[in-house]
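Asks: Have a look at this one before I ask anything.
Here, each number is a calculation from the coordinates, and none is a lab measurement. None of the values given here were measured: they were computed from a predicted structure. Cβ atoms come from the backbone with ideal geometry, glycine included; neighbour counts cover every protein chain shown.
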């Protein structure tokens, strides 16, 4: 019973939601929209559970002064301040408020800092990846150099090859690149259909705690 | 009445424009029952056009349905109601198209109780002072199946995958062996768990940063079930870092079930399945913190990733951990290939669960999708040849519209 009921529910709801793609009738769309709304409500309720999990994981470590407890304390203080500021500001949190200040002058710069790190990580990863160890790696290296040089203004100014580089770059991006991406998309789409059907048909049960 | 006189005065100047001709209303094929297609021949001398709609009859009352548009417009898809839960569509609708001259005022923008009265006065003044077509009736028809060739083919493909899956499952039950090629990336998962056990360090699992309803997250949760079971069998630890709260709740259940199935329910620590933050880079920073401070021996990134993929994978590289990644997100694959030891590309992500379980029923489902893949490849080749010779048959066959 513990396994059968979820399997039946998964089958019925899964089939019903797949139907949305093939049944254009507005009444059907009203029912599926209702289901999706339930999903949104469940997801919103899970935020409360996420908050509890954050406190359960981090607070004991702070209280017991475990390793790196200082970071967790900073996180918990930031959590509490943002939460209180958000609730206090209420509907006016987008206007001048402590919440807005915390968001604009703390969260946004920190977010931008993390994103900016990506540039350095790309450089270090590219340095490792672009080594001509074999034929495939050499082709990758060659394609990468052409695309990089052709994308910067200096590439177009190069004597003799400057006119041809952007055209060759476009060919690389539009032909071999797109062909490979489409192959990945088609394979992934069929894999996604198969995974969805495995769950809907009850062949896949590992998430239910059953073989 | 005063309002009516005011509008009439505004509209009155000259009756220069002529009405549109040939106004016709049709129900689009495979419609949702809320849309009607209108077409007409635009008049030569109209500055702009405005569409009136009534759900009572050809005598009105009329409401402004759409417009004003430039006088050259000749077709329109009319949505008869925007919220069918509050305003269900009527059985029939009537339309009139009014030609406006340059001096005609636009529809009033009143709010509240005055809006209906102002609109009625405006429409009455329009019909009194501007040339309009006769009323034409349209009937919205809601369809219960999108029966265009593209949709039917897609439905047939999905049913084929399902049918083949059940057939191969039946064959597997009867003892037929199913071959599945070796995938080094998936084999490395078990090796990675073994390495973590030997080093006395945990395995870090990141199920991507997308919502639970995304198929890659679903696939990741299925894989997590298999991996957590193996981790429990090895009596090692797994830390799951989640970006979405509901994904954490599901991961909690899945990992708990994995430990239970392995026979070690008491070894499961729910505090190892952690919600970090629903903000992309806050989550990235938190997960990087786990990588650098708890130093997991093996990192497994399976699911849908975006810009954080390389930040996570490069931090893991610095940590000298074994890294196995998999995603169907084509833009992130190069980052994982560059920074991880093993990368599962696209469809391989969806095969991991079946491969790890070695369950003939699940392996047989891979066989089914492989057969459909062969069909798609054949269609691609034939379609390419046909298109090269000028035939658009396959292009139309695979077009999803509406």
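Asks: Evaluate E = 1/(1 + (r/R0)^6) for residue B:388 and residue A:67, where r is the Cβ-Cβ distance and R0 equals 41 Å; express this FRET efficiency to the nearest 0.05.
Replies: 0.05
Asks: What FRET efficiency do you get for residue B:177 and residue A:130 if R0 is 41 Å and r is their Cβ-Cβ distance, rounded to the nearest 0.05?
Replies: For R0 = 41 Å, the calculated efficiency reads 0.45.
Asks: Further question on the same structure: Quick check on packing: order A:48-55, B:191-198, B:301-308 by the mean number of other C-beta atoms within 10 Å, highest mean leading.
Replies: In decreasing order of mean packing, A:48-55, B:191-198, B:301-308 become B:301-308, B:191-198, A:48-55.
Asks: Please compute the Kirkwood hydrodynamic radius of chain B from all pairs of different C-alpha atoms, in Å with one decimal.
Replies: About 26.5 Å for chain B.
Asks: Here is a follow-up. Determine the equivalent ellipsoid of the range A:1-152 by diagonalising the alpha-carbon gyration tensor, then write out the semi-axes as square roots of 5 times the eigenvalues, largest first, rounded to whole Å. Write out the running numbers ahead of the final one.
Replies: Values: eigenvalues 300, 237, 92 Å².
Largest first, the range A:1-152 gives 39, 34, 21 Å.
Asks: Report, for the protein assembly as shown, the % of DSSP beta bridges that are antiparallel, rounded to 5.
Replies: 55 percent
Asks: So if I take the centroid of the Cα atoms in the range B:44-105 and the same for the range B:239-313, what is the distance between those two points in Å?
Replies: Each part reduced to its Cα centre gives a spacing of 55 Å.
Asks: Obtain the radius of gyration and the Kirkwood radius of the protein assembly as shown from its C-alpha atoms and give Rg over Rh.
Replies: Result for the protein assembly as shown is an Rg/Rh of 1.05.
Asks: Order of A:169-175, B:96-102 by packing, highest average Cβ count within 10 Å first? Spell out each step's value before the answer.
Replies: Details: A:169-175: 13.3, B:96-102: 22.6.
Sorting A:169-175, B:96-102 by mean packing, highest first, produces B:96-102, A:169-175.
Asks: Can you give me the angle between helix B:2-11 and the longest principal axis of chain B, using Cα atoms only, in degrees from 0 to 90, rounded to the nearest 10?
Replies: Helix B:2-11 sits roughly 90 degrees off the main axis of chain B.
Asks: Under the Kirkwood approximation applied to all pairs of distinct alpha-carbon atoms, what is the hydrodynamic radius of the range A:1-66 in Å?
Replies: So the Kirkwood estimate lands at 15.1 Å.
Asks: Next up: Rounded to whole Å and sorted largest first, list the principal axis extents of the Cα atoms in the range B:179-248.
Replies: Cα spread of the range B:179-248 along its principal axes, largest to smallest: 34, 34, 16 Å.
Asks: Going 7 Å from the Cα of residue B:292 toward and past its Cβ, which residues in the range A:94-134 have a backbone nitrogen under 19 Å from where you end up?
Replies: A:107-125
Asks: Okay, moving on. Want the number for residue A:170 to residue A:7: 0.36 nm per residue separation, take away the alpha-carbon distance, what's left?
Replies: Separation in residues times 0.36 nm, less the Cα-Cα distance, equals 53.7 nm.
Asks: OK, next. Any chance you could get the radius of gyration and Dmax over the Cα atoms of the range A:69-129, in Å?
Replies: 16.4, 50
Asks: If packing is taken as the average number of other Cβ atoms within 10 Å across a peptide's residues, how do A:2-12, A:66-76 rank, most packed first?
Replies: A:66-76, A:2-12
Asks: Sticking with this structure for a sec: Based on the inverse mean of 1/r over its pairs of different Cα atoms, what is the Kirkwood hydrodynamic radius of the range B:178-358, in Å?
Replies: Over the range B:178-358, the inverse of the mean reciprocal pair distance is 15.7 Å.
Asks: A further question follows. The range A:75-211: Rg/Rh from Cα coordinates, Kirkwood Rh?
Replies: Using only Cα positions, Rg/Rh for the range A:75-211 is 1.19.
Asks: Only helical DSSP H runs with n ≥ 4 go in: add -39500 (n - 2.57) per run for chain B, normalise by residue count and round the 222 nm mean residue ellipticity to 500 deg cm²/dmol.
Replies: Working: 12 runs with 183 residues, N = 402.
Mean residue ellipticity at 222 nm (helix-derived): -15000 deg cm²/dmol.
Asks: Can I ask one more? Taking 2.2 N^0.38 Å as the expected size of a compact globular protein, what ratio does the Cα radius of gyration of the range B:2-138 give against it, to two decimals? Mind showing how you got there, number by number?
Replies: On the way: Rg = 14.7 Å, N = 137, 2.2 N^0.38 = 14.3 Å.
My calculation over the Cα atoms of the range B:2-138 gives 1.03.
Asks: Above 13 Å lies some portion of the pair distances; for the range B:301-377, what is it as a whole percent of all C-alpha pairs?
Replies: It works out to 67 percent of all Cα pairs.
Asks: Once you average over the residues of B:360-368, how many Cβ atoms of partner chains fall within 10 Å of each Cβ?
Replies: Partner Cβ neighbours, averaged per residue: 3.
Asks: Rg(Cα) of the range A:130-211 divided by 2.2 N^0.38 Å? It would help to have the intermediate numbers written out before the result.
Replies: On the way: Rg = 21.2 Å, N = 82, 2.2 N^0.38 = 11.7 Å.
Relative to the rule-of-thumb radius for its length, the range A:130-211 sits at 1.80.
Asks: For peptide A:111-117, how many partner chain Cβ atoms fall within 10 Å of a residue's Cβ, on average?
Replies: 5
Asks: Quantify how strongly other chains surround peptide B:316-323 by giving the mean number of their Cβ atoms within 10 Å of each of its Cβ atoms. Please list the in-between numbers first.
Replies: Working: counts 0, 4, 2, 0, 0, 0, 0, 0.
Across the residues of B:316-323, the mean count of other-chain Cβ atoms within 10 Å is 1.
Asks: OK, next. Hey, how many Å between the Cα centroid of the range A:112-148 and the Cα centroid of the range B:151-203?
Replies: The distance from the Cα centre of the range A:112-148 to that of the range B:151-203 comes to 32 Å.
Asks: Follow-up. By how many degrees, between 0 and 90 and to the nearest 10, does the Cα long axis of helix B:184-199 differ from the longest principal axis of chain B?
Replies: Compared with the principal axis, the helix lies near 50 degrees.
Asks: Separate question: With 10 angstrom as the radius, rank B:103, B:252, B:83 by how many other C-beta atoms surround their C-beta, starting from the fewest.
Replies: B:83, B:103, B:252
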